[in-house]
Amino acid sequence: MMKLEEVLKKYEPVIGLEVHAQLKTRSKAFAPEEAVYGALPNTSVSVVTLAHPGVLPKVNKRTFDFAIKMGLACGSQITEYNFFDRKNYFYPDLPKGYQISQDKTPICRGGAIHIKLPDGTTKAIGITRIHIEEDAGKSMHIEGEEESFVDFNRAGVPLIEIVSEPDIRSADEAYAYLVEIRKLVRYLDICDGNMEEGSLRCDVNVSIRPRGSERFGTRVEVKNLNSFGNVKRAIEFEIVRQAELIERGESFVQETRMFNAETGQTYSLRTKESLNDYRYFPEPDLTPVYVTQEWIERIQAEMPPLPWELFDKFTKEYGLSEYDAEVLTSERDIALYYDEACQYTKEYKAVANWISVQVKAYLNELAYTIDEFPLKPKAIADLVNLIAEGKITHNIASKQLYPLMLENPDIEPEALAQQHQLIVNTNTDELLGIVKEVIARFPDKVEEYKNGKKGLLGMFMGQVMRATQGKADPKLATRLLQEELERL
Amino acid sequence: MKNYHSLAEIRRDMEEGLLNCEALVRHYLKNIEEKNSQLNVFVSVYADEALQRAREVDEKIKAGTAGKLAGLVVGIKDVICYQDHPLQAASKILDGFVSQFSATVVERLLAEDAIIIGRQNCDEFAMGSSNENSVYGPTRNAADPERVPGGSSGASAVAVQADMCQLSIGSDTGGSVRQPAAFCGVIGLKPTYSRISRWGLIAYASSFDCIGLIGKSPEDIALTLEVVAGADEHDSTVSQRPVPAYAAYLQREDAPKYRIACLREGIENEAIAPAIRQTMQESIEKLRKQGHEVEIIDFPILQYILPTYYILTTAEASSNLARYDGVRYGYRSPQASDLESLYKKTRSEGFGREVKRRIILGTFVLSADYYDAYYTKAQRVRRIIKEQTDKLFEQYDFLLTPTTPDTAFPLGSFQDDPVKMYLADLFTVQANVAGVPAISIPAGKDEKGLPIGIQFIANRFEEEKLLKISRSLL
């Protein structure tokens, strides 16, 4: 087998992705029942979904709201006049024998997703189209059973299919593109973005061409990719496979291949299946949907802040490094949490660190989302402010006050610190007494200090801190110690 | 008991204490019992249920709380869903199927206290013009049991013809209500496309399908249409236009003078049965005598209507009937051994010849290589037919044609020549292609005593005009 690196020296991959995102609408795309995940098989199915004789579909307008959100986020053109088409094919998980889709009038056209390349630059991956369609049910082949089963809970759940331009040039770019799509659909709160559970699905189109060539090579579509990692593996496998065929002088046809996660290889479907004639025609059971300017404006007004908008805010307004901003914006709710906390403090960097380290540690340990985190953003801001104002040491804040706050989320951090006497001691008289006591206990060390061993100051400080259980204001304690020692 | 011409007569007798719903239902049940074995009209008779409801409605009438359709006994074609009742579209493929919901039409009928007496035979999936394509066997014409009643709502027409119910709910995709109404000497109305919700109507060709009404009097049809028509949350293609008070309009004594265009084909073409041409002439004279203006016109694209209709309806049918695959309900071939044979055997064994012919035709016209030559072109021609029809109605109130080129034909006549059978729809399909309303009314009999129907077509949402002119001729 050829090595990928060698292939890439000679050939340039050209990759396009088709991503299906399952929309989180409450009900199905064209049927009244709830769209559920993980329920008992065939418990969320209506006569419409089961394609009983005499039923008619009805458009769920929320599906359009969600698709328009995605389009606006990608900078796409929103289509005004939308009709639906039937995509006809037979499969047991497709109850009507056709899928209602948008063939001729996709809801969104154009736009782009911006990915970050390893060298720090960004690259725009063009969006060809985004269209609305309905999901199929799930065929289940149970080991040892002679017959197959079908679960129609998923049938009719709305999907958007996001088709990219063939702008992607490597498996890593494809991966980065998927990460951005997932981040975006989660920011928009339109899809769970979970590839393993199938709420996000991806087919890839891969071709290669000699470097410098403008012409596209023969394109192969790869399906059955159920994780980000597999998308990458499948692309890399295809690049090498196609290069080997070309090197051997063999021609190959445009076809659909399946990815086998166990072997890491792609294999051909029977050509009969890949040569499906879907016999598209306009869906006569649905009237066209007109997306008015007012509708678009309403969605525009509902748009949450987008990851790159927050990234810009965090780097420019809050002065975070790109790295810190990237970490904080990778999840919408964390980013919004941080943003809110920043309303209560100017210690932007310190809050960022606290959230990225202490808060995230807590969430990870309990497998919580930020929604389930007991503390409000203001509490974290208050905590950071206490440290900045010197009212509490970082050490005590992290080891004592923060755990106490988690247990008493309703008490203000400063009040809590006072209750537990964690506030830094700034009482000069009291401290001076302790300083004198410490000095009196170590006459030989005082002698050594006097003789020039100034490093012993740290030892004295340690003793003062021990005596005050860490609550002495370090600056004040140092000053008092120095003055007292010099005076002797 | 007498054969009631209209619900109004029935109600009058009820008010006078000469009749009640229970007695009326018993009367129809008796007729069904006497005639059904020969005519093969009802494939299910809901005798106990109908009697039970009749008693309930009688109580309501006494209490003065009865709905608009109290006293109306209705039969429904086997393509209309009625919750917890069998539904088969006269096809083996829906063997044993029971509907889990009721069509909007049925809901509205019941809400106004109509009584549903049974389920009526028809051509399989409403495809046919003779009611011979049925898993239940052919329905026969009560005027001559050796002849067909027309189709696809053949049995729905015979039920009214033979007084087995007062009114039938049929469906009309290309003439399926009007052609059998003509063959059986009753009235058949196909309303404007989208006037009545299609929720609960088994789809044949969605952009053509209409629920249609078959009755004895324009008054019954007007009243029933008023009840069943109008907006429905289940059907997004249904018209949101308010429903006029058809019955009240019909009762108004005014007699508007109309401009009527009569299709030259319908009176001059040698292929039209002489008796029908004769009837057309007589009708024209009658209309003129009533003060209407009648002009003979040519509709130049007439010859394209039938091919357009068959391309588009078969295309839609091929997709609409894909759901009958043996996976979830209905017939499943016991010979099936894997997925492919499940589909092939189930559908080959479950569908009749005519249905299969149309599915294959529809699949062909939608296939990539022929799509533009057939489907796209037919869509374009449909638009032209619509425009031409619209233009016609800028000048005229009605287009008058014979409903059919010939009267009821003997059973088995066209079994081997489907295309010839398709010609029976020559005059009726235009209304479906253009989406406009049309009515067939009895206008005479031929030399064999077989009923002849004439058809009025009007502009969109002008059902009240159709009913008005019908009444003036009956």
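Looking at this structure, is B:LEU423 out of contact with any helix residue (DSSP H, G or I) (no Cβ under 7 Å at 6 or more places or on another chain), open to solvent by 10 Å² or more (accessible area, probe 1.4 Å), closer than 19 Å to B:ARG178 by Cα and away from chain A (no Cβ under 14 Å)?
Yes: the conditions hold for B:LEU423.
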Has the range B:74-90 got any residue that is part of a loop (DSSP other than H, G, I, E, B) and either more than 14 Å from chain A (Cβ to nearest Cβ) or of a type in the set (Gly, Ala, Ser) (or both)? yes
When restricted to B:LEU411, B:LEU400, the only residue surrounded by 13 or more Cβ atoms within 10 Å (Cβ to Cβ) and in contact with a Cys (Cβ under 6 Å, 6 or more places away or on another chain) is B:LEU400
In the list A:VAL19, A:VAL7, which residue meets the criterion of being outside any loop (DSSP other than H, G, I, E, B), touching a strand residue (DSSP E or B) at 6+ places or on another chain (Cβ under 7 Å) and either of a type in the set (A, V, I, L, M) or open to solvent by less than 10 Å² (accessible area, probe 1.4 Å) (or both)? A:VAL19
Looking at (1) within 14 Å of chain A (Cβ to nearest Cβ); (2) open to solvent by less than 70 Å² (accessible area, probe 1.4 Å), which one does B:LYS356 not meet, given that it meets all the others? (1)
Please work out if B:ILE276 is more than 14 Å from every other protein chain (Cβ to nearest Cβ) and either open to solvent by 80 Å² or more (accessible area, probe 1.4 Å) or among the hydrophobic types (A, V, I, L, M, F, W, C) (or both). yes
When B:GLU107 is run through (1) more than 20 Å from B:VAL45 (Cβ to Cβ); (2) away from chain A (no Cβ under 14 Å), the failure sits at (2)
How many of the residues making up the range A:373-412 are more than 25 Å from A:LEU476 (Cα to Cα), more than 28 Å from the chain's Cα centre (by Cα) and assigned to a loop (DSSP other than H, G, I, E, B)? 4
I'd like to verify a number: residues in the range A:105-132 that are at pLDDT 95 or above and open to solvent by 10 Å² or more (accessible area, probe 1.4 Å), how many? 12
Can you find, within the range B:337-353, the residue that is nearest to the other protein chains (Cβ to nearest Cβ) among those that are open to solvent by 40 Å² or more (accessible area, probe 1.4 Å) and part of a helix (DSSP H, G or I)? B:LEU339
Residues in the range A:443-488 that are assigned to a helix (DSSP H, G or I), among the charged types (D, E, K, R) and either touching a residue at least 24 places away in the same chain (Cβ under 8 Å) or surrounded by 11 or more Cβ atoms within 10 Å (Cβ to Cβ) (or both) total 10
Which pairs have Cβ atoms under 7 Å, sit 6 or more apart or on different chains, and link a residue in the range A:51-75 that is under 24 Å from B:PHE97 (Cα atoms) to one that is assigned to a helix (DSSP H, G or I) and open to solvent by 10 Å² or more (accessible area, probe 1.4 Å)? A:ALA51/B:ARG323
Per-region count, the range A:44-92, residues touching a strand residue (DSSP E or B) at 6+ places or on another chain (Cβ under 8 Å), surrounded by 19 or more Cβ atoms within 10 Å (Cβ to Cβ), more than 9 Å from chain B (Cβ to nearest Cβ) and not aromatic (Phe, Trp, Tyr): 15
Kindly evaluate B:GLY71 against the criterion of being touching a residue at least 40 places away in the same chain (Cβ under 8 Å), open to solvent by less than 60 Å² (accessible area, probe 1.4 Å) and under 22 Å from B:GLN161 (Cβ atoms). yes
Failed condition for B:ASP95, given (1) under 30 Å from B:ALA322 (Cβ atoms); (2) touching a Ser or Thr at 6+ places or on another chain (Cβ under 7 Å); (3) open to solvent by 10 Å² or more (accessible area, probe 1.4 Å), with all others met? (2)
Suppose we keep only residues that are β-branched (Val, Ile, Thr) and open to solvent by 10 Å² or more (accessible area, probe 1.4 Å) within the range B:299-336. Which one would you say is nearest to B:ILE93 (Cα to Cα)? B:VAL327
Are any of the residues in the range B:262-277 closer than 14 Å to B:LEU473 by Cβ and at pLDDT 95 or above? yes
Return yes or no: is A:ASP339 open to solvent by less than 60 Å² (accessible area, probe 1.4 Å) and closer than 30 Å to B:VAL365 by Cβ? no
Of the conditions (1) aromatic (Phe, Trp, Tyr); (2) touching a Ser or Thr at 6+ places or on another chain (Cβ under 7 Å); (3) in contact (Cβ under 8 Å) with a residue 60 or more places away in the chain, A:TYR98 fails just one. Which one is it? (3)
Subset of the range B:181-198, residues at the interface with chain A (Cβ under 10 Å from one of its Cβ atoms) and surrounded by fewer than 24 Cβ atoms within 10 Å (Cβ to Cβ), comes to B:SER194
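Hey, among B:LYS386, B:LYS391, which residue is part of a helix (DSSP H, G or I), without any contact (Cβ under 8 Å) to a residue 24 or more places away in the chain and open to solvent by 50 Å² or more (accessible area, probe 1.4 Å)?
Going through B:LYS386, B:LYS391 in turn, the sole match is B:LYS391.
The values are calculated or read from the model by the stated rules, or taken from the named source; none is laboratory data. Just so you know, these numbers come straight off a predicted model, no measurement behind them. So basically every Cβ, Gly included, is an ideal-geometry build from the backbone, and we count neighbours across all protein chains shown. Quick note on the areas: whole protein, heavy atoms, side chains included, nothing else; ligands and nucleic acids left out. Shrake-Rupley method; radii C 1.70, N 1.55, O 1.52, S 1.80 Å.
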